[in-house]
Amino acid sequence: MNLLTIFKRFPDQEACIEYLEKVRWGASPHCPHCGAVDVARKSESERVGRWNCHACRSSFNVLAGTIFEKTKVPLQKWFLAIGLIVNAKKSLSSGQLARDLDLNQKTAWFMQQRIRAAMLTAEGDLLQGIVEVDETYVGGKPRKGNRRDDDKPGKRGRGTSKAAVVGAVERGGRVIARVADDLTGKGLLRFLLSSVRPEGTLLITDELSSYNAAGAIFQRAVINHKEAYAFGETHTNSIEGFWSLIKRSWYGSHHHYTRRFMPLFIAETCWKYNQRRNDDAFGTFMRGCFA
Ligand SMILES: [Zn+2]
């Protein structure tokens, strides 16, 4: 759904609530506290979408336990924010989101973090097949020109250090990437075991010796970048492509380096990459909120 469609389809709070109730409950609304189906819409409530549970005597609405819970921002603005975020090729700054939706910047930032957190929990199955694995460094100041040495870790300028990120891409498929505190063999193996299925997988890595530990569990092909960037199927073009997406996205919208929020930024970039062929990313996101 593009922005105009979202705007027209969800003109007010009632329309948004109706949509969310349909996504969450379908034809059988139930109490989020006790699970009972013996529920009824509040008849004379001043607030839209309020329900009573006859089993546990509580009242609730469809937003309970979701990223929209207790929000004071009109749901239409949330829907538009989600539309803007899932449709943007790169990441948006919270300042941009605030200007687009007439919100204050703090509110926009908070909404953005919540939307990203929902994307983080939707990681899905393990990767399988030909899987390219690599690590990179993101953050710090925008780099000038194409200085490769700027990709290295460590202090840059006024105490800005980059975050190490490790990622795996299934060739032609999904990506899983995370901030890596530990790029030793042990740390990389932990990441691989939590994101890649060893059976039926050919892992493609660079010559970094930290990947040797993975060789005991995964079938592995090594590309030696000093000699060539591709050897038949043995290349890391997919993950390199993903890194360049991450970097363009980061430097296009984030001018302050905040390592704390890097995992959520990465979650957003991964989620969007994984939905790149999905015509209904908005709907997928909404259904994911209740998964
Ligand atoms: Zn109940």
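Values for this structure:
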quantity	calculated
When residues of region 13-52 are limited to those that are in contact (Cβ under 8 Å) with a residue 40 or more places away in the chain and of a type in the set (Val, Ile, Thr), the one surrounded by the most Cβ atoms within 10 Å (Cβ to Cβ)	Ile17
Residue selected from region 22-32 under the condition closer than 24 Å to Phe110 by Cβ and either of a type in the set (Lys, Arg) or not in a loop (DSSP other than H, G, I, E, B) (or both), by the criterion nearest to the ligand (Cβ to nearest atom)	Arg24
Region 33-52, residues that are at positive phi and near the ligand (Cβ under 9 Å from one of its atoms)	Gly35
Failed item, numbered, when Glu233 is tested on (1) under 21 Å from the mean Cα position of the chain (by Cα); (2) more than 18 Å from Leu97 (Cβ to Cβ)	(1)
Verdict on Ile176 being in contact with a strand residue (DSSP E or B) (Cβ under 8 Å, 6 or more places away or on another chain) and in contact (Cβ under 8 Å) with a residue 24 or more places away in the chain	yes
Region 258-291: number of residues that are within 22 Å of Trp243 (Cβ to Cβ) and charged (D, E, K, R)	6
Given (1) in contact with a helix residue (DSSP H, G or I) (Cβ under 7 Å, 6 or more places away or on another chain); (2) over 30 Å from Leu20 (Cβ atoms), number of the condition Phe290 does not satisfy	(2)
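Listed here are the residues, each with its yes/no results for (1) in contact (Cβ under 8 Å) with a residue 24 or more places away in the chain; (2) crowded, with 16+ Cβ neighbours inside 10 Å.
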site	(1), (2)
Gly167	yes, yes
Leu192	yes, yes
Thr205	yes, yes
Ala214	yes, yes
Ile217	yes, no
Phe231	no, no
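Readers should treat all values here as calculations from the given coordinates under stated rules, not as data from a laboratory. Source: prediction; values computed, not measured. FYI the Cβ positions are ideal-geometry reconstructions off the backbone, even for glycines, and counts take in every protein chain you see.
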